[in-house]
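In what follows, a single structure is set out as structure tokens and then discussed.
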Amino acid sequence: MPKRIVILSGAGLSAESGLGTFRDKDGLWTKYDLAEVATPEGFAANPALVHGFYNARRANCLDARPNAAHAALAALQRQAEVTLVTQNVDDLLERAGARDVIHMHGQLNRALCAACGHRWDAPREMAPDDPCPACARPATRPDIVWFGEIPYHMAMIEAALAAAELFVSIGTSGEVYPAAGFVQEARAAGIPTLELNLEPSSGSALFTDARYGPATEIVPAWVAELGA
Ligand code: APR
């Protein structure tokens, strides 16, 4: 079994838990204009609309359950040095028992004060004039990284990639950078790369190995093959 594995996940990891993906047939971006709900400009223009969008996603998340793929990754983390980097903002990996998950696009269950930078556990419903618990100013926003903002924890992710013996990408279309570039970094470092996805992603030609199918089938099968 490789000693140090970096695993990037996307919406496809949580799809079978009932949480939508973004770019599939009936994905979120086919129903909402991402410029309105996933950019700083959209939030500035209509904070109530944006809070409503994330309140609905937060409620879906609370109703969702981790699936067999989340559980398999948590089990793998107990057998090897696994860095779990996710683009997902749900907490299903944590609820499956995973530790130290790196949420590079933020988390639905966290709130951020745009005025003072304070972060806290988000309530079920957030509204534009909710006061920040630290500075009391009505500047609260979802702790989500929007398009045009800098993803979180990039130095930690780069360090993990530099030390990895295997890079695995699960359930992501490979459409959004910097996450979509991690496979190129792994290739430049000369390590094997594996894509586990429902179908070939836009970056599939860059991977040295690939398995296609539903995450709840191919992720547990891959982890079992590793002997975890
Ligand atoms: N099992 C495995 N893969 C799946 C499944 C499944 N059951 N269902 C869908 N997929 C795959 C799709 O084939 C697709 O390649 O998951 C991928 C989902 O792609 P996207 O909808 O683009 O989601 P993601 O790659 O996570 O998006 C990246 O874009 O909008 C931003 O911030 C948002 O984090 C998100 C980022």
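Where a number appears in this text, it was derived from the coordinates with a stated rule and is not lab data. Quick caveat: nothing in here was measured; it's all calculated off a predicted structure. Methodologically, a virtual Cβ is constructed for each residue, glycine included, from the backbone with ideal geometry; neighbour enumeration extends over all protein chains shown.
Couplings for the range 26-33, taken from phi via the Karplus curve 6.51 cos²θ - 1.76 cosθ + 1.60 with θ = phi - 60°, read 10, x, 4, 7, 8, 10, 10, 8 Hz in order; Gly and Pro are left as x. On C-alpha positions alone, give me the angle between the axis of helix 215-226 and the longest principal axis of the chain, in degrees, nearest 10. Its long axis makes an angle of about 40 degrees. Taking 25 °C and 0.890 mPa s as conditions, the range 21-67 diffuses translationally at an estimated 212 µm²/s according to Stokes-Einstein applied to its Kirkwood radius (Cα pairs).
The H on the amide N of R110, modeled in the peptide plane, is under 5 Å from the matching H of A122, D143, each at least 5 residues off or on a different chain. Available extension along the chain between M156 and R4 is 53.3 nm, counting 0.36 nm per residue and deducting the alpha carbon span. The ranking of H51, H153, H103, H118 by Cβ neighbour count inside 10 Å, starting from the fewest, reads H153, H118, H51, H103. Helical runs assigned H by DSSP (4 residues or longer) give the chain a calculated mean residue ellipticity at 222 nm of -9000 deg cm²/dmol, each run adding -39500 (n - 2.57) before division by the residue total.
A cut-off of 5 Å between modelled amide H atoms, ignoring neighbours fewer than 5 places along the same chain, links A98 with no other residue.
How far is helix 47-63 tilted off the main Cα axis of the chain, in degrees rounded to 10, range 0 to 90? Roughly 50 degrees, rounded to the nearest 10. Computed from label points 7 Å out along Cα-Cβ, the spacing between R23 and A115 is 3.8 nm. Within the shell defined by Cβ-Cβ distances under 10 Å, the residues around Y54 carry a net charge of +1, with Lys and Arg each +1 and Asp and Glu each -1. Among W146, W29, a tally of other beta-carbon atoms within 10 Å of each Cβ gives an order, fewest to most, of W29, W146. With N as its number of residues, the chain has a Cα radius of gyration that, divided by 2.2 N^0.38 Å, comes to 1.02.
Inter-label distance, E165 to D209: 1.3 nm, where each label sits 7 Å from its Cα along the C-beta direction. An oblate overall shape is assigned to the range 155-228, the ratio a/c of its alpha-carbon gyration tensor axes (a ≥ b ≥ c) being 1.5 or greater and a/b not exceeding b/c. One Cα centroid belongs to the range 1-62, the other to the range 151-202; the line between them spans 19 Å. Projecting label points 7 angstrom from Cα along Cα→Cβ for N60 and E81 puts them 3.7 nm apart.
You can think of it this way: the chain between E149 and Q184 has 10.4 nm of extra reach, that is 0.36 nm per residue less the Cα-Cα gap.
Taking Cα atoms only, the orientation of helix 154-163 departs from the longest principal axis of the chain by about 10 degrees. Kindly work out what percent of the DSSP beta bridges joining two residues of the chain are antiparallel, to the nearest 5. Approximately 25 percent, going by the DSSP bridge assignments. Once the Cβ-Cβ distance of S202 and R137 is raised to the sixth power relative to R0 = 30 Å, the FRET efficiency obtained is 0.15.
For the range 144-228, the share of DSSP beta bridges that are antiparallel, to the nearest 5, is 0%.
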